[in-house]
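Below you'll find the structure, written out as C-alpha cells, and then a few comments.
Only the coordinates and a few stated rules stand behind these numbers; no lab work does. Note that the coordinates shown come from a computational prediction; the quantities given were computed from them, not determined experimentally. Neighbour counts run over all protein chains shown; Cβ positions are idealised from the backbone, glycine included.
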Amino acid sequence: MAPEPEPIVAPSSARPRIGVLVLVLGLAVGILLLDQLAKWLVVSNLPEGVAVPVIGELVQFEFVRNPGAAFSLGIGATWIFAIIACAVAVFIVVFARRIRSLAWATVFGMLLGGTIGNLVDRLFREPGFGQGHVIDFIRIWGFPAIFNVADMAITFSVVILVILTIAGHGLDGRRSRGSAAEPVAPAAGATDGDA
C-alpha cells in the first residue's frame, strides 16, 4: 500500500508582503515615539547627572548626555555615528522588501526604530546638527553603561537576530537544512552501522 501523500503547505514566502512591511514600520514608529517621549520626560523632569532610584539601586534613572556611541566610545566622532545610522536606516527600509518572516520583520522593525531614535538625537539635539548628544537615562546595577529605550530596542533586535540565525530561519520564514535546531536526516538507505 502506497503511503499517503503529505499535505501541500504554502511556502511562507507566499505571505503577503504588506503585512510584514506594516510590522516593520509599525514597530519602528512605535519604538521611535516611545523613545522620544521617554527622552522628553527625562529632559523635562530630571536634573542632569543625579541618580533617581526606581527599583532601589537595581534600576535607576540618571540623565546624561552621551556624545559618543555605547559606553561613550567615539566621543568627538558623533557626526560619523549620525552618517552610519542614516546608512543603516536606509538599508533596512530598502532591505525590508525581501522579508517574508514575521520574526525577521520584528528584528528589523526594532532595529530601525532604535537606530532612528538615537539618530534624531544626533541630528537635532545640542550642540548642533549631526553632532547632537544622545539622551541616556536607564542605569541597571552592575551594568557598565547608561542607556535609553532606543538602545534596548537595538540590543533586543540583535539578540533575536542571533537566535534566528543560529536556528537557521531565513528571511522568507523557512528553516535551512543543517541548522542547529533542525538536524539533517540521514541519506536514504543509510543505517546506524554506516561510516
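Computed from phi, the 3J(HN,Hα) profile of region 25-35 under the Karplus parametrisation 6.51, -1.76, 1.60 (θ = phi - 60°) reads 5, x, 4, 4, 5, x, 5, 4, 5, 4, 4 Hz, with x in place of Gly and Pro.
Of H169, H133, the sequence from fewest to most neighbouring Cβ atoms within 10 angstrom is H133, H169. Per-residue Cβ neighbour counts within 10 Å put I154, I92 in the sequence I92, I154, beginning with the fewest. Close amide H partners of D172, meaning residues 5 or more places away or on another chain with modelled amide H under 5 Å apart, are R100. Using a Förster radius of 25 Å, what is the FRET efficiency between I84 and L46 based on their Cβ-Cβ separation? Nearest 0.05, please. Step by step, r from the Cβ atoms, then E = 0.30. In terms of other Cβ atoms within 10 Å, S176, S101 run from fewest to most in the order S176, S101.
Here the Karplus relation 6.51 cos²θ - 1.76 cosθ + 1.60, evaluated at θ = phi - 60°, turns the backbone of region 137-152 into coupling constants of 7, 9, 10, 10, 4, x, 8, x, 9, 9, 9, 9, 5, 4, 4, 5 Hz, with x for every Gly and Pro. Close amide H pairs (under 5 Å, H built 1.01 Å from N) link V52 with F61, E62, residues at least 5 positions away or on another chain. Averaging 1/r over each pair of different alpha-carbon atoms in region 16-167 and inverting the result gives 16.0 Å, the Kirkwood hydrodynamic radius. Applied to region 110-124, the Karplus parametrisation 6.51 cos²θ - 1.76 cosθ + 1.60 on θ = phi - 60° returns per-residue 3J(HN,Hα) values of 5, 5, 5, x, x, 5, 5, x, 6, 5, 4, 4, 5, 7, 10 Hz, with x for Gly and Pro.
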